[in-house]
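Have a look at the structure below, then the notes.
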Amino acid sequence: MAPTAEFCGIDPEGMGQLATSLRGAADRLTAFSKEFDGKLRQHGISTPALREITDIADWGGTQVSMLHGRIDLINALGEGAPELGGGGDRSSLVRLPDELEDFETARGLANMYGNDILVNHGGELQATLIHEHADEVAQLAKNPQAAAAFFALLPAKARDSLPSLIASTGSKTAKQDLAAFSAALGAALRAPALVPAFAKVRNDLVKPVGSKVAAWNRLALLKGANAPSGVRSAAARALVLDDFAKKPRQDWRAAGPTEMKAYGLPSDVVALGLEVLAGDGTAVRDAFAKLGGADVKLSQTEKMKRFLDYAKSAGTGDEVADAFGRVLEAGTEATTEKPGQHSPAAAAFALDAIKAAGPFGDGLPTVAKDSMVTIAKSYIHELASGARFDKAVDRASGAGVPANWVPLPGVTPAFYLSPGDTHRFLKTFVGDKQLTDDFDATAAQFRHDTLMAAAQLDAQGGTRYFEDTARMFGDLASVEFKATLDVRGEQDATDDLIRDITKNTLALGIDRIPLVGPLANEGVKAGWELTKAYGISTALDGWADSFETRVEEVTGTRSDFVLRQKYDIAYILHEAGYPASEPPAELISKSTGNLKTYDELLAEAKREASEDKKWEQVLREKLTPYERWMDSNNALDTKIEDASKFQTSDQAKEQLRVWN
């Protein structure tokens, strides 16, 4: 039949009538052929025509078998479909895609697995048979309707126990084989619902089951399916998370060592429910918004805390905490949206996540800390704003702009944290040096870019954004280091800061001029490390002197952080084009073409020093034209001095005592 724009379909009832008619005709032809063949042979008459009639009858018989097979397939796939037509015009017509050959393949695989391989075999032979045909199942994903047909025709008992059945064989390819089934299921779930019988499979997946083991098996099958967000959310909630929200204090272990070894999946069904959500921000936010249903009267923050409380108390806590951390990453869109440009839905979730995790501080499970850093880096605008003490110091964390708030250029928070919530959230990861370094790299780049933008605006319009921005980063550095002191103690926190500073800003080779400064990555990082050092210089009684002394012990050189900061600020302002006279030629770096950094001048001084003239004296001589140039540009000089003072203030640490 030539393709048309009109619907073409099969009426199973009509096809059955055709098969019955064809069966009768074939039988009559066969009987006729036998009768006349016998009579004609009695008279020695050849009967080639009768043989042709017999062949036609035989063909009709094979077609009858094919038609009945098609009828059974169509009826099976159409199970649950509403009858078409209305009034007295009732019809058994079933709408299916025109892909019956692929459906036949799906039926064959479903019958092979459901009625033979998974029920009539065991051990190594069963593992071999499962693996031999797993690729065929995976291929069904290329035709989502055929994949839907496979799962619609696979017995529910086999489908709901697939992960455990495959693992129990001891198969070395169990993980790969389960992935094949999951891929086919995911394709079916993502496709338009054109196979009516698959609707029951879809509905079963998002309904509660009678045991944790059954729930674990369904979730394990869904884990690698890349199912639609709605299915992920509904399944995770129905199979475990709603019950967890209502009664968290129970044993949620469901899988044994065999399944854990085969798939590397958590034994805890709560953790596996979270794993199904992880990676899909829409599913995560939907699940937490509806978690527990109407019976659970908890805020979203309280729901999040419930998971962390459980993770800290359960034997499977690391499984739960690891999955929960990645769930928070997904819900906040920390890896999919740009900092300062977060969507309202993701930002609202992030605000609750930060408020939920913060009170745990350094007590947050270790396996979740890397997720906190991922969120912190993505929400650096919100953390920097949250550390501000210059405006609305009494603010509570929320989405609304605080009263009397003054925005800063280049800083676009989607919500506003209180200083206390900022401090508490930073404590969730600053106890780990590697994680802190990861955050600091982001903070350093943000500081440089934002200060540069502020300086450029000030250069154009005579504003004072630069000073206010410098103050904000001084506050953030101060709050971060205060969190580090709280978690790690003075000695440990200080030693690490000394190591970073000496590595990036003081340990300079005599024979090289380092590319240090805001244009180089090393300089960007150094700027932030020095900002932390400036901000904490008066944090503790006698701390500043001891800090300077310990740095000098490491480097063998005098350290002057205020001086370094002053030239760092001057460098940024000059690079941004802030109005000033041309610097003297001796202050222009041959390697960068820009104003020399403090460290370049220091390296030159060390290189040019001699027995008659120490490097400290050479450095003073080199800094003299620098100071005279700044002094001769009053507006620039005032801006440098003010910004330096703002960043060296310990006001943030002192105010945390009141506003934390």
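In the complete set of protein chains, residue-level accessible area for Lys433 is approximately 50 Å², probe 1.4 angstrom. Given segment 376-499 reduced to its alpha-carbon atoms as identical point scatterers, what log10 I(q)/I(0) does the Debye formula return at q = 0.13 Å⁻¹? Normalising to I(0) and taking log10 leaves -0.52. Measuring only protein heavy atoms, the 1.4 Å probe finds Ser397 accessible over about 30 Å².
Compared with the rule-of-thumb size 2.2 N^0.38 Å for a compact globular protein, segment 145-266 has a Cα radius of gyration ratio of 1.04. Which entries of Lys290/Lys369; Lys247/Lys377; Lys566/Lys613; Lys223/Lys525; Lys525/Lys622 have Cα-Cα distances beyond 29 Å here? Exceeds cut-off: Lys247/Lys377; Lys223/Lys525.
Computed from backbone phi with θ = phi - 60° and the Karplus coefficients 6.51, -1.76 and 1.60, the 3J(HN,Hα) list for segment 277-282 is 7, 4, x, 10, x, 4 Hz; x is used for glycine and proline.
In segment 268-379, carbon and sulfur make up what percent of the accessible area (probe 1.4 Å)? Each step should come with its number before you reach the end.
Details: 1830 of 3790 Å².
Carbon and sulfur atoms account for 48 percent of the accessible area of segment 268-379.
Within the full protein context, the accessible area of Val524 is estimated at about 10 Å² for a probe radius of 1.4 Å.
Please list log₁₀ I(q)/I(0) at q = 0.16 Å⁻¹ for segment 370-422, using the Debye equation with identical point scatterers on the alpha-carbon positions. Debye output, listed in q order: -0.42. In segment 416-460, the alpha-carbon atoms span a convex hull of 76 Å³ per residue. The phi-based Karplus calculation (6.51 cos²θ - 1.76 cosθ + 1.60; θ = phi - 60°) puts the 3J(HN,Hα) values of segment 479-488 at 5, 5, 5, 4, 4, 5, 4, 4, 8, 9 Hz, whole numbers, x for Gly and Pro. Counting only Cα atoms, segment 145-200 measures 37, 20, 12 Å along its principal axes, largest extent leading.
The values are calculated or read from the model by the stated rules, or taken from the named source; none is laboratory data. Keep in mind the model is a prediction, meaning the values are calculated, not measured. Please note that ligands, DNA and RNA were not included when accessible areas were found on the heavy atoms of the full protein model with its side chains. Shrake-Rupley method; radii C 1.70, N 1.55, O 1.52, S 1.80 Å.
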